[in-house]
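Heads up: the structure comes next, in structure tokens.
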Amino acid sequence: MKFNIAIDGPAGAGKSTIAKLIAKKKSYIYVDTGAMYRAMALYFLEEGIRADEPDKISEASKKVDITIQYENGEQIVLLNGRNVNGLIRTEEVGNMASASSVNKDVREKLVELQRALAAKENVVMDGRDIGTTVLPNANVKIYLTASSKVRAKRRYEELMAKGERCNLDEIEKDIIDRDYRDMHRDISPLKQAEDAILLDSSEMTIEEVADAVIALCDKVGSK
């Protein structure tokens, strides 16, 4: 029986950073769901399908196999058996991923692929609907959050470190707007699963959050 950890929460809560750290500490596979959407988008682009062709996107999504492996500590995204790591981080692929991710058939296919991966590997998966929709039977479910002020400050510092000019108040407004959209979307809205543990990282370091989740995993695993 494989051990699955589901981490959900709003944008900027640190889900991916925490999930990657937990995966590393426990030698689990971190399932980068965003990379899987990008691999799907790459397939559409290579097939000559445009973002404004939903029927073709739906049909093509049925023919795709996407999975994630680790080789020498590096995450490898495989699209129909081919390593596409070097192709999925372009602006064009990102835009296609954003446009196609709202397609019901694309989401259903990727959930199917994500569940298949979780059935054969110990995984840590993060997103908006992992504990509620993708892995409803995950061994440990975390709803990771932080105040909009703290999340905005983290994002602000991240952008400033890259030399980008930004406004803290505008960033917080964007985060609040995005929270509203994520919580009110028709398909798999963001919400805390009934059996998820609420973890507020506002006053915690990355290490402290990761250690708290691992402690929960150890508790569940020892039953």
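A short reminder: the numbers here are calculations on the coordinates, not readings from a lab. The structure presented is a predicted model; accordingly, all values stated were derived computationally and were not measured. FYI the Cβ positions are ideal-geometry reconstructions off the backbone, even for glycines, and counts take in every protein chain you see.
Per-structure values
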{"quantity": "Fewest-first ranking of T145, T205, T17, using other Cβ atoms within 10 Å as the exposure measure", "calculated": "T205, T17, T145"}
{"quantity": "At least 18 Å along the helix axis (C-alpha) and Kyte average at least 0.0, DSSP helices within the chain", "calculated": "33-46, 206-221"}
{"quantity": "Cut-off 17 Å (backbone N to label point 7 Å along Cα→Cβ of Y70), residues of region 5-28", "calculated": "5-7, 16-28"}
{"quantity": "Cβ-defined net charge surrounding E203, 14 Å radius [Lys, Arg +1; Asp, Glu -1]", "calculated": "+1"}
{"quantity": "Percent antiparallel among DSSP beta bridges (both partners in the chain, rounded to 5)", "calculated": "35 percent"}
{"quantity": "Positive-end residue, region 1-80 charge dipole about Cα centroid, Cβ charges, pick of N72, S27, A51", "calculated": "S27"}
{"quantity": "Local electrostatic count, I187, Cβ distance below 13 Å [Lys/Arg +1, Asp/Glu -1]", "calculated": "+1"}
{"quantity": "Solvent-free Debye scattering, log10 I(q)/I(0), computed from the Cα coordinates of region 29-121 at q = 0.16, 0.17, 0.20, 0.21 Å⁻¹", "calculated": "-0.58, -0.65, -0.90, -0.99"}
{"quantity": "Most to least packed among 18-24, 198-204 [average Cβ atoms within 10 Å]", "calculated": "18-24, 198-204"}
{"quantity": "Ranked packing of 82-89, 210-217, most packed first, by mean Cβ within 10 Å", "calculated": "210-217, 82-89"}
{"quantity": "Cα-based Rg / Dmax (Å) for the chain", "calculated": "17.6, 51"}
